[in-house]
Structure formats: C-alpha cells, structure tokens
Amino acid sequence: MRRRFVPHAVAGAVTAVVLAPLALPGYVLRYDMVFVPRQPLSPEMVAPADALPRAVPLDALVSLVNVAVPGWLVQRVALVAVVYLSALGAARLVPARRTGTRVVAALAFGWTPFLAERLLLGQWALLLAYAALPWLVAAARDVRAGRPGALPRLALAAAPAAVTPTGGLIALVTVAVLLPLRSRVTAAALALAAGLNAPWLVAALTGAADGRSDPDGVAAFAARAENWAGSWAALAGTGGIWNAQTVPASRASPLVPVVTLVLLGVAAAGLGELRRRWPGGADRLVVLAAGGFLVAAAGTAPGAPVLEWLVAHLPGTGLLRDGQKFLIPYALVVALGFALGAERIADRLARRFEPAAGRVLLAAAVLLPVAVLPDLAVGAGGALRPVRYPADWDAVAARVAAAPGEVLSLPFEGYQRYAWTRGVVVRDPAPRYLDAPVLMNDALRVGAVTVDGESPRAVAAGAVLAAGRPAASLGVRWVLVRRGPGEPPAGVLTGLRLVHDGPHLRLWENPSAPPAGPAVAGGRRPALLAHLLAAAIVVLAAAALLRTRRRSWYGPRNQQPGEAVPWPSWPRSSSPPLPAPPSDSSASSRRSVR
C-alpha cells in the first residue's frame with residue numbers, strides 16, 4: 001500500500017508547491033497562456049484560413065470543453081495535470097523497486113528548467129506532451145511486450161501530446177523509434193498516432209498559408225546561454241529557452257553548470273543500469289533523446305545556416321525553429337538515468353559504510369533539482385499569480401455578439417502589456433474572448449528582430465495602419481483599441497463611431513462595413529473530418545481499454561506499482577516474457593510462513 005501511495009503523494013506535493021498561486025481566483029495570463037471565461041468555437045479554430053495551424057486542435061478542444069466547464073477551471077485542471085502527471089509518470093516508468101529511486105525520478109522530471117521556462121512562456125499545451133511522454137513510453141513498452149490493452153493505452157497517452165503540432169510530432173516519432181520495424185502492431189500504433197495528428201496536418205495541407213517560414217526566426221528562437229557555460233550547457237540542463245524574460249533568475253548562477261555536470265555524471269552512471277533492466281528498449285530511448293537534443297541545438301552554430309535554408313524553402317520545417325521544445329525525450333532520459341545512478345551510488349555507499357549513508361545520498365538526490373531551481377516554487381516566485389479580466393471585456397464581447405463582424409485589434413501587436421495584468425506580456429485575448437474573427441498582427445517581435453507572420457491580410461492591415469490611413473478602408477466591422485501607450489492616431493479612427501468607452505478598452509463601429517455573410521465551411525470540411533477522426537480514435541481507445549480486464553497503467557496484475565518491468569529484447573521472441581520475479585523480502589516472508 002505504501003508503494004502505491006508514495007508516487008501519488010510526491011506528485012501531489014510537487015504540484016501543490018509549484019502551482020500554489022492557483023488557489024487564488026482569476027486567470028494566469030502569460031505570453032501564450034490565455035484562458036477566457038467562455039471561449040467561442042469558430043471555423044478558424046478548426047482550420048485557419050490564411051495562417052499556419054499552430055493552435056490546432058487545441059483551441060477547438062478548449063472551446064468544446066468550455067461549453068460545460070468555465071475557463072478558470074479548465075486552466076487549473078490543465079496545469080495540475082501537467083505537473084502531477086509529469087512527476088507521477090516518471091516515478092512509474094523508472095525500472096526500480098526501491099521507493100526512494102522512484103521519488104528521485106519524480107523530482108528529476110517534475111522539477112526541471114524546461115518545465116519552469118515553458119510555464120513562464122505560457123506554453124501549457126506543449127507541457128501536456130511533456131507530461132504524456134513517460135506514459136507513452138510505458139505504453140510502447142507494453143505494446144512491445146504484447147500486454148492486453150497496451151495499444152489503446154498508447155493512443156490515450158499520445159492524445160494529450162497531439163493537441164499541438166510539436167507535441168504530436170514528438171509522440172509520432174516516439175512511437176516510430178521505440179517500436180520495432182516491420183511489425184503489424186507497429187503499423188497499427190503508427191496509424192493511431194498519425195490519426196491523432198490529422199487535425200493540424202490536414203489543416204496545414206488544405207489551408208492557404210505558405211508552409212515556409214521567415215529564416216530570421218532561426219536566430220531569434222535559437223537556444224541561448226543562461227550563464228557563463230554557453231547555450232549547449234544550458235540545453236544539457238534542459239534549459240536554454242530563447243526568451244530571456246521567462247528564465248528563472250537561479251539559472252544565471254555560476255554554479256548551475258557545475259551542478260548540471262554532476263547531474264549528468266550521475267545520470268551516465270545510471271544509463272548502464274537502465275540498459276540492463278530494459279535491454280534494447282533503453283537504447284532506443286537514448287537514440288530518441290539524442291535526436292531531440294540535436295534538433296534543440298540546430299539553431300546554434302554550425303547548424304544555423306542549414307536550418308535557415310530548410311525553413312525558408314521546405315514547408316513545415318518552421319516547427320524546428322524553436323528547437324528547444326524537442327528536449328522533452330532528453331529530459332526524460334536524464335531523469336531516469338539520474339534516479340538509477342543515484343540508486344547505484346547509494347547501494348555502493350550502503351555496502352561500504354552503512355545503510356544510512358545510502359539513504360542520505362538518495363535524499364540529497366531528491367533535493368538536488370529543488371536546490372538548483374528554487375524559484376520554480378510558489379508559481380515561479382509569484383509569476384503565475386492569477387488576475388481578473390476587467391468588466392470592459394464582457395461589455396465589448398456583448399456588443400460584438402449583437403452585431404457580428406470582423407474586429408481589428410489595436411495596437412497592432414500580437415503580444416501586449418496591460419495594466420490589469422501588472423505589465424505581464426500577454427497574447428491579445430480578443431480572438432478567444434470575442435465571438436467574431438479578429439484581425440491582429442501575427443508577426444513576432446523578439447528583441448530587435450521582427451519575425452514575419454504568414455497572414456497576407458495582416459500584412460495589408462499593417463501597411464494601412466503604418467501609413468496612417470483610416471482603418472475603415474479595411475472593411476472591418478469593429479475596431480477594438482486598448483487604452484494606453486500605442487493608441488492609434490486620430491486619422492486611423494476617421495469614419496468610425498465610438499460605441500464603448502471604458503477604463504481599459506474602447507470599441508469603435510464602422511457604419512460603412514458590409515454586413516457579415518454566412519461562414520463558408522466547404523474548404524474546412526477535410527479539416528473537420530480530421531478532427532472527427534482524432535476524436536473517434538480517443539473514444540474507441542477508451543472504450544477498448546474499459547473492455548480490457550487488465551486496463552491499469554501498471555501492466556500485469558501480479559506486478560506491483562512502480563516495480564521494474566523488463567523491456568523485451570529485440571527482436572521479439574515467440575513466447576511471452578515471464579513476469580518479474582518476486583522481491584527477496586516477499587520470498588523470505590513466504591519461507592517463514594511455511
């Protein structure tokens with residue numbers, strides 16, 4: 001019972017410490033993390049007309065859930081799932097029977113610079129892929145072992161990752177690398193993973209946006225140094241995000257590279273143990289991690305020119321610009337290796353000195369991730385503190401809903417600072433808050449570099465506004481203006497009628513705008529069918545799992561939670577693997593009973 005409870009308790013404690021500010025009311029708004037009370041479902045969320053499907057099917061999924069669940073609760077469930085399932089998944093996956101080893105794995109994967117930096121950047125959907133990876137690896141292991149219900153578990157583990165293109169790609173590659181070639185079950189697993197990726201793939205193939213990207217984004221999104229050791233050392237510690245404003249202050253410490261070296265040394269000592277306990281499977285997992293690390297480092301010299309050429313000429317390779325995202329498999333391998341390495345060193349100390357020495361070392365290994373990154377606690381030092389939307393937003397939303405039409409959002413910047421968010425940079429909430437298409441700038445400013453967007457209409461609108469011409473000439477029905485720095489000159493608002501003048505927002509109506517016509521869904525039918533396919537895979541996988549007697553994530557019923565599960569050797573033998581032998585303590589207890 002204790003062994004079953006400990007991983008949950010540790011994961012719960014980590015979640016409570018990291019997300020403590022979420023006990024307050026309101027919404028955590030940071031960069032890409034924008035939740036609203038009720039997010040309307042629009043055709044643009046199924047398949048963007050002239051932009052790449054970066055938030056497909058994420059936005060549509062959130063809108064559907066929002067029908068029954070308020071936005072503040074959706075956000076809390078999502079963030080709790082990210083942290084809790086990350087720690088619990090690593091604790092379950094590590095092939096060890098010792099409780100302390102599983103606790104080390106939970107902290108090593110649930111308390112990392114990667115998780116901290118992506119939380120501060122607001123990329124909670126990418127972190128769903130981070131949290132799902134241990135469960136996906138466990139399901140792939142069980143598929144290879146031929147365990148009942150493994151294939152539906154694999155589909156359900158890949159589903160959270162596939163809500164974004166990057167996460168879906170990581171899940172698809174994970175399945176392809178971990179499962180053997182030329183196998184019917186591998187083909188089925190790949191088909192399921194591809195089906196879950198179908199929404200954004202079909203939207204990209206059928207949309208009008210050019211799949212090529214601005215090569216200037218390679219340098220802008222390249223991994224960056226966080227201290228004296230350089231960008232590669234930052235990546236080795238699972239850090240190195242491109243946005244310096246989202247890096248915890250502790251990452252600048254000159255001791256961080258030294259601690260990273262110690263962590264990697266212990267992890268290297270544990271990789272041999274991982275290979276021994278997971279013959280064949282561990283090697284494939286290491287290959288996956290190495291590939292992810294190389295993609296993460298591709299934006300730095302000497303790989304930058306190659307990546308620049310790829311994103312400028314090969315559609316879809318813009319996904320690789322922010323390569324640090326692909327550190328997820330690497331972070332998992334480091335966590336597993338570190339836990340097993342700490343166990344191995346603790347065993348040696350216990351044999352040479354006394355058992356207490358081994359326990360002290362495991363306790364130190366548990367605390368090391370927290371000691372090197374203390375500012376992840378309490379919502380990254382209060383950075384994840386919720387705020388409330390001003391009443392202006394509800395008033396504007398009601399006005400727009402009464403007379404639907406396209407909305408131009410000003411200042412013409414995709415990311416803005418609002419007084420009510422305490423100056424935190426937030427992606428414009430208008431596309432999610434308003435039940436109408438919103439015209440906004442999709443270019444991204446990173447320091448002195450502006451990375452071009454994909455929307456031709458946004459480019460045309462930017463030219464009109466830069467010339468100071470009236471916004472009414474764009475044919476929009478509404479113009480939403482945020483009060484404060486960057487308000488447009490009077491000439492831009494010529495011909496418009498002010499209908500809402502609040503302390504934070506102003507809404508202008510264009511009387512000359514043509515009436516909004518009915519939405520044309522014909523071009524989006526393939527993308528809609530792809531969404532239905534992905535939903536059907538999830539529903540059928542859940543139903544199949546419920547019909548399977550052994551539907552637990554633990555594996556066979558005679559296996560204890562957290563116990564090592566041998567990964568079958570490659571190629572698969574004709575006979576099923578034998579169950580793990582009982583521990584010495586259980587065997588001795590049976591002898592004493594006899």
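Taking the stated definitions as given, is ALA139 more than 22 Å from TYR389 (Cβ to Cβ) and either touching a strand residue (DSSP E or B) at 6+ places or on another chain (Cβ under 9 Å) or part of a helix (DSSP H, G or I) (or both)? Answer is yes for this residue.
Restricting attention to region 460-473, report how many residues are out of contact with any helix residue (DSSP H, G or I) (no Cβ under 9 Å at 6 or more places or on another chain) and exposed (fewer than 15 other Cβ atoms within 10 Å of the Cβ). Don't jump to the end; show me each part of the working.
Let us first name the residues in region 460-473 that are out of contact with any helix residue (DSSP H, G or I) (no Cβ under 9 Å at 6 or more places or on another chain), namely 462-463, 466-467.
Those left that are additionally exposed (fewer than 15 other Cβ atoms within 10 Å of the Cβ): 463, 466-467.
Qualifying residue count for the region: 3.
When ARG54 is evaluated against the numbered criteria (1) assigned to a loop (DSSP other than H, G, I, E, B); (2) surrounded by 24 or more Cβ atoms within 10 Å (Cβ to Cβ), which criterion, by number, is the only one it fails? In the conditions (1) assigned to a loop (DSSP other than H, G, I, E, B); (2) surrounded by 24 or more Cβ atoms within 10 Å (Cβ to Cβ), ARG54 misses (2) alone. Looking at region 57-79, which of its residues are buried (at least 20 other Cβ atoms within 10 Å of the Cβ) and of a type in the set (D, E, K, R)? Of everything in region 57-79, just one residue is buried (at least 20 other Cβ atoms within 10 Å of the Cβ) and of a type in the set (D, E, K, R), namely ASP59. Applying the condition of being in a loop (DSSP other than H, G, I, E, B) and within 27 Å of LEU29 (Cβ to Cβ) to region 80-134 and asking which residue is nearest to the chain's Cα centre (by Cα) yields GLN123. Identification of helices (runs of 4 or more DSSP H) wholly contained in region 164-227 with 2 or more residues that are farther than 21 Å from VAL287 by Cα yields 184-206, 216-220.
Taken as a whole, region 265-274 holds at least one residue that is touching a Pro at 6+ places or on another chain (Cβ under 9 Å), within 22 Å of SER86 (Cα to Cα) and surrounded by 24 or more Cβ atoms within 10 Å (Cβ to Cβ).
Taking first residues from region 52-69 that are free of Cβ contacts under 8 Å to residues at least 40 places away in the same chain and partners that are surrounded by fewer than 19 Cβ atoms within 10 Å (Cβ to Cβ) and assigned to a loop (DSSP other than H, G, I, E, B), the Cβ contacts under 6 Å between residues at least 6 apart in sequence or on separate chains come to SER63/LEU41; ASN66/ARG38. Restricting to region 530-565, name every residue that is part of a helix (DSSP H, G or I), of a type in the set (A, V, I, L, M) and either surrounded by 13 or more Cβ atoms within 10 Å (Cβ to Cβ) or at pLDDT below 55 (or both). The answer is ALA530, LEU533, ALA534, ALA535, ILE537, VAL538, LEU540, ALA541, ALA542, ALA544, LEU545.
Could you go through region 359-382 and let me know if any residue there is in a helix (DSSP H, G or I) and of a type in the set (Lys, Arg). Reasoning before the result, please.
First, the residues of region 359-382 that are in a helix (DSSP H, G or I): 359-372, 374-382.
Adding the requirement that they be of a type in the set (Lys, Arg) leaves 359.
Yes: region 359-382 contains one or more residues that are in a helix (DSSP H, G or I) and of a type in the set (Lys, Arg).
Across region 380-412, which residue is modelled with the lowest pLDDT among those that are closer than 19 Å to PRO48 by Cβ and surrounded by fewer than 21 Cβ atoms within 10 Å (Cβ to Cβ)? Among them, the one singled out is PRO404.
Conditions (1) outside the structural domain of PRO302 (by TED's automatic domain parsing); (2) buried (at least 24 other Cβ atoms within 10 Å of the Cβ); (3) polar (S, T, N, Q), marked per residue:
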{"site": "VAL163", "(1), (2), (3)": "no, yes, no"}
{"site": "GLY168", "(1), (2), (3)": "no, yes, no"}
{"site": "VAL177", "(1), (2), (3)": "no, no, no"}
{"site": "SER183", "(1), (2), (3)": "no, no, yes"}
{"site": "ALA191", "(1), (2), (3)": "no, no, no"}
{"site": "THR206", "(1), (2), (3)": "no, no, yes"}
{"site": "ARG212", "(1), (2), (3)": "no, no, no"}
{"site": "ALA225", "(1), (2), (3)": "no, no, no"}
{"site": "ALA229", "(1), (2), (3)": "no, no, no"}
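The condition of being under 24 Å from the mean Cα position of the chain (by Cα), at pLDDT below 95 and not assigned by TED's automatic domain parsing to the domain that holds PRO43 holds for ARG445. For region 330-362, the candidate set comprises residues that are over 11 Å from THR101 (Cα atoms) and of a type in the set (Phe, Trp, Tyr); within that set, the residue that is surrounded by the fewest Cβ atoms within 10 Å (Cβ to Cβ) is PHE353.
Any chance you could count how many residues in region 310-351 are part of a helix (DSSP H, G or I), under 24 Å from LEU121 (Cβ atoms), within 23 Å of the chain's Cα centre (by Cα) and not charged (D, E, K, R)?
Initial filter on region 310-351 (part of a helix (DSSP H, G or I)): 310-313, 317-320, 323-351.
Checking the rest, the ones that are also under 24 Å from LEU121 (Cβ atoms) come to 310-311, 317-320, 323-335.
Checking which are within 23 Å of the chain's Cα centre (by Cα) leaves us with 311, 317-320, 323-335.
Those left that are additionally not charged (D, E, K, R): 311, 317-320, 323-324, 326-335.
Number satisfying all stated conditions: 17.
Evaluate region 497-504: report whether one residue or more is in a loop (DSSP other than H, G, I, E, B), surrounded by fewer than 20 Cβ atoms within 10 Å (Cβ to Cβ) and acidic (Asp, Glu). Scanning region 497-504, I find no residue that is in a loop (DSSP other than H, G, I, E, B), surrounded by fewer than 20 Cβ atoms within 10 Å (Cβ to Cβ) and acidic (Asp, Glu), so the answer is no.
The values are calculated or read from the model by the stated rules, or taken from the named source; none is laboratory data. Computed from a predicted structure; not experimentally measured. Cβ: placed from backbone, ideal geometry, glycine included. Neighbour counts: every protein chain shown.
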